[in-house]
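What follows is a single structure, written as structure tokens, with notes after it.
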Amino acid sequence: MSCPSDNATGVDDEFWSSDGIHWDAHRIGWAVAGGCAVLTVLITLFTLTMHATRYKHPPAQRQVMRVLLMPPVYAVVSFFSYRYYKSYEYYILAETAYEAITLSAFLMLLMELVSMGTIDLQIKSVLAEKDKMKFPFPFGFWRFRASKPYFWHALSFSVMQYVVLRPLISIIGIICEYYDVLCPEEYSIHFAEVYLDAIDFVSISVALYGLIVFYVLCKDELKGKKPLNKFLAIKLIVFFTFYQSFLFSILQSHGVIKGTAMWTATNVSDGLSALCTCVEMVIFSIYMGWAYNWTDYTDPEKNPYQRDTNFRTYLQAIWDTINLSDFFSEIYLACKFFVDYARGKPGTHSGATKLQKTFMPHTIPEESQEMGMIASYNAGGGYDNEYEQDKPEPQNDTKREIAFSSGKLSGSEDYDSGEDIYSSIRSPGGTAYSRVQQEHGRGESGFEPWPQARPTGQGIAMSRD
């Protein structure tokens with residue numbers, strides 16, 4: 001069963017004719033769409049050049065430059081879909097594939113913005129300090145702990161899967177359109193469009209929810225960095241392109257939009273949607289230039305990790321933008337982790353409580369890090385095991401009961417009354433310090449020294465005994 005054609009049999013007019021240009025509605029649309037596409041490209045090129053010549057923080061700015069390419073990609077593709085309207089579906093399928101790259105780049109950018117506030121520039125340093133919290137709506141009846149080994153891999157994969165599935169959906173859609181089995185206008189279970197849309201809906205819903213979870217988790221670290229404006233700059237483009245296409249389709253199906261000698265009603269509906277997209281991208285390219293401004297990285301107060309820039313770094317910026325290996329590396333690491341997790345590899349599971357990490361480190365695997373356990377303890381009370389209910393704090397300062405969810409093991413430990421936990425561990429005179437040093441034998445200091453905040457333009461120096 002093949003899909004009925006949406007195109008007229010007439011031959012399209014050329015823009016130029018032997019007796020000059022006849023400015024009918026069709027040619028005016030070509031001129032407006034083409035002019036807006038060129039203007040969008042010029043505005044974006046200016047913003048990209050400012051980032052490339054001021055490539056101070058490559059991990060973040062490479063993601064910014066990928067996001068900035070969204071308006072010109074949409075504008076140029078929409079212009080060609082307007083000009084070559086008989087191939088409209090091919091262009092739109094290619095256009096939507098770039099949305100996946102943009103969303104993935106946005107998550108990586110948020111990660112870098114949060115990491116910029118840490119000493120070691122690692123997102124896991126921030127996640128280790130997060131306490132258990134509820135998932136955003138509509139899954140608020142479940143809770144999660146970001147310090148778990150699997151959390152970041154699950155979160156990144158929830159977004160990165162879209163950068164794989166959406167291009168695959170577009171490729172399959174192009175093949176189906178070629179064989180006349182896509183049929184987006186019919187929207188019937190007998191054609192491929194319904195099934196591709198269903199897969200796309202689930203995939204993008206998971207990706208967007210992953211972004212929301214990360215924002216809710218790290219909204220304090222993202223204050224002053226315009227995260228909502230950055231997100232709106234992306235989603236408003238998707239919102240406008242989707243709903244205006246939907247609106248024109250409704251008008252066409254109710255006979256408000258009518259066909260011409262060479263354009264069917266569907267062609268006119270698609271052309272109006274493409275024309276509107278070209279005009280809107282001019283506005284969004286300006287908005288993105290503000291939301292993703294280069295001054296966020298050239299200002300030492302916002303980005304203390306400055307570096308010198310030259311023509312070589314300019315070329316590096318261009319290469320980093322088009323090189324998507326970091327996406328596939330993130331996907332590979334997530335998949336590898338979950339394979340190791342399923343096999344029960346050490347370091348992938350964490351059932352230790354915060355009290356266990358602080359006072360009984362010899363009972364947990366060696367790969368547990370003392371920085372993580374101290375930060376985890378100081379972040380708040382409770383237990384690391386998300387299946388465990390929170391217990392009230394003991395009232396006795398000299399006797400503390402240690403309970404484990406896996407059994408009835410309990411015991412008492414003596415501690416200096418009123419002694420601060422952190423000081424007890426970090427100071428040589430503390431009781432907990434002596435106990436941990438005795439159990440682990442970590443040299444004279446007992447613990448690795450805290451890394452010092454690196455000055456502008458210098459690396460991080462960390463010493464180990």
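Looking only at segment 222-244, which residues are buried (at least 19 other Cβ atoms within 10 Å of the Cβ) and of a type outside the set (Lys, Arg)?
Restricting attention to segment 222-244, the residues satisfying the condition of being buried (at least 19 other Cβ atoms within 10 Å of the Cβ) are 227, 230, 233-234, 237, 241.
Passing the criteria: PRO227, ALA233, ILE234, ILE237, THR241.
Go through segment 39-60 and report how many residues are within 16 Å of GLY289 (Cα to Cα) and part of a helix (DSSP H, G or I).
Taking segment 39-60 and keeping what is within 16 Å of GLY289 (Cα to Cα), we get 39-55, 60.
Checking which are part of a helix (DSSP H, G or I) leaves us with 39-52, 60.
Matching residues across segment 39-60 total 15.
Please work out if VAL64 is without any contact (Cβ under 8 Å) to a residue 40 or more places away in the chain, in contact with a Phe, Trp or Tyr (Cβ under 8 Å, 6 or more places away or on another chain), surrounded by 22 or more Cβ atoms within 10 Å (Cβ to Cβ) and aliphatic (A, V, I, L, M).
For VAL64, the condition - without any contact (Cβ under 8 Å) to a residue 40 or more places away in the chain, in contact with a Phe, Trp or Tyr (Cβ under 8 Å, 6 or more places away or on another chain), surrounded by 22 or more Cβ atoms within 10 Å (Cβ to Cβ) and aliphatic (A, V, I, L, M) - is not met.
If you take the residues of segment 248-268 that are part of a helix (DSSP H, G or I) and among the hydroxyl-bearing types (Ser, Thr, Tyr), which of them is surrounded by the fewest Cβ atoms within 10 Å (Cβ to Cβ)?
Going residue by residue through segment 248-268, those that are part of a helix (DSSP H, G or I) are 248-253, 265-268.
From what is left, the residues that are among the hydroxyl-bearing types (Ser, Thr, Tyr) are 249, 253, 266.
Working: SER249: 18, SER253: 13, THR266: 22.
The selected residue is SER253.
Of a type outside the set (A, V, I, L, M, F, W, C) and within 24 Å of GLU301 (Cα to Cα), is that true of LYS148? Before the answer, list the steps.
Values: of a type outside the set (A, V, I, L, M, F, W, C): yes; within 24 Å of GLU301 (Cα to Cα): no.
Considered against the rule, which asks whether it is of a type outside the set (A, V, I, L, M, F, W, C) and within 24 Å of GLU301 (Cα to Cα), LYS148 comes out as no.
Yes/no per residue for (1) touching an Asp or Glu at 6+ places or on another chain (Cβ under 9 Å); (2) farther than 27 Å from ALA105 by Cα; (3) acidic (Asp, Glu):
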| site | (1), (2), (3) |
| --- | --- |
| PRO138 | no, no, no |
| PHE141 | no, yes, no |
| MET160 | yes, no, no |
| VAL163 | no, no, no |
| LEU168 | no, no, no |
| ILE174 | yes, no, no |
| PRO184 | yes, yes, no |
| VAL206 | no, no, no |
| GLY210 | no, no, no |
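What number of residues in segment 132-155 are among the small types (Gly, Ala, Ser) and buried (at least 20 other Cβ atoms within 10 Å of the Cβ)? Show your work before the answer.
Residues of segment 132-155 that are among the small types (Gly, Ala, Ser), as a first pass: 140, 146-147, 154.
Among the residues that remain, those that are also buried (at least 20 other Cβ atoms within 10 Å of the Cβ) are: 146-147.
Total satisfying the criteria: 2.
Please tell me if GLU112 is touching a residue at least 40 places away in the same chain (Cβ under 8 Å), part of a helix (DSSP H, G or I), over 19 Å from LEU208 (Cα atoms) and in the same structural domain as GLY271 (by TED's automatic domain parsing).
On the way: touching a residue at least 40 places away in the same chain (Cβ under 8 Å): yes; part of a helix (DSSP H, G or I): yes; over 19 Å from LEU208 (Cα atoms): no; in the same structural domain as GLY271 (by TED's automatic domain parsing): yes.
Answer is no for this residue.
Is it true that some residue in segment 136-143 is of a type in the set (D, E, K, R), closer than 30 Å to ILE250 by Cβ and either in a helix (DSSP H, G or I) or in contact with a strand residue (DSSP E or B) (Cβ under 9 Å, 6 or more places away or on another chain) (or both)? If you could, list the steps in order and put the result at the bottom.
The first filter runs over segment 136-143 and keeps only residues of a type in the set (D, E, K, R), leaving 143.
In the following step, the residues that additionally are closer than 30 Å to ILE250 by Cβ were identified as none.
No - not one qualifying residue is present in segment 136-143.
What single numbered condition from (1) of a type in the set (Ser, Thr, Tyr); (2) farther than 29 Å from LEU68 by Cβ; (3) surrounded by fewer than 17 Cβ atoms within 10 Å (Cβ to Cβ); (4) touching a residue at least 12 places away in the same chain (Cβ under 8 Å) fails to hold for SER188?
Evaluating SER188 over (1) of a type in the set (Ser, Thr, Tyr); (2) farther than 29 Å from LEU68 by Cβ; (3) surrounded by fewer than 17 Cβ atoms within 10 Å (Cβ to Cβ); (4) touching a residue at least 12 places away in the same chain (Cβ under 8 Å) leaves (4) as the failure.
Contact list please: Cβ distance under 7 Å, first residue in segment 137-150 and among the aliphatic types (A, V, I, L, M), second residue modelled with pLDDT of 75 or more, pairs at least six apart or on different chains.
Pairs that qualify, where the first residue is among the aliphatic types (A, V, I, L, M) and the partner is modelled with pLDDT of 75 or more, are ALA146/LEU217.
Which of the residues belonging to segment 264-306 are of a type in the set (D, E, K, R) and more than 17 Å from VAL73 (Cβ to Cβ)? Lay out the reasoning, then the answer.
Just the residues of segment 264-306 that are of a type in the set (D, E, K, R), to begin with: 270, 280, 296, 299, 301-302.
Within segment 264-306, ASP270, ASP296, ASP299, GLU301, LYS302 meet the criteria.
Which one of GLU129, GLU193, GLU221 is of a type in the set (D, E, K, R) and in contact with a Pro (Cβ under 8 Å, 6 or more places away or on another chain)? If you could, list the steps in order and put the result at the bottom.
Values: GLU129 fails: in contact with a Pro (Cβ under 8 Å, 6 or more places away or on another chain); GLU221 fails: in contact with a Pro (Cβ under 8 Å, 6 or more places away or on another chain).
After ruling out the rest, the residue left standing is GLU193.
In segment 172-185, how many residues are in contact (Cβ under 8 Å) with a residue 40 or more places away in the chain and either in a helix (DSSP H, G or I) or under 17 Å from the mean Cα position of the chain (by Cα) (or both)?
The total comes to 3.
So which residues in segment 186-214 are under 12 Å from the mean Cα position of the chain (by Cα) and at pLDDT below 85, if there are any at all?
Residues of segment 186-214 that are under 12 Å from the mean Cα position of the chain (by Cα), as a first pass: 204, 206-214.
If the condition is that a residue be under 12 Å from the mean Cα position of the chain (by Cα) and at pLDDT below 85, then PHE214 is the only one that fits.
The values are calculated or read from the model by the stated rules, or taken from the named source; none is laboratory data. In this text the structure is predicted, and so the values were computed from the model without any measurement. Note: ideal-geometry Cβ built from the backbone for every residue, glycine included; neighbour counts use all protein chains shown.
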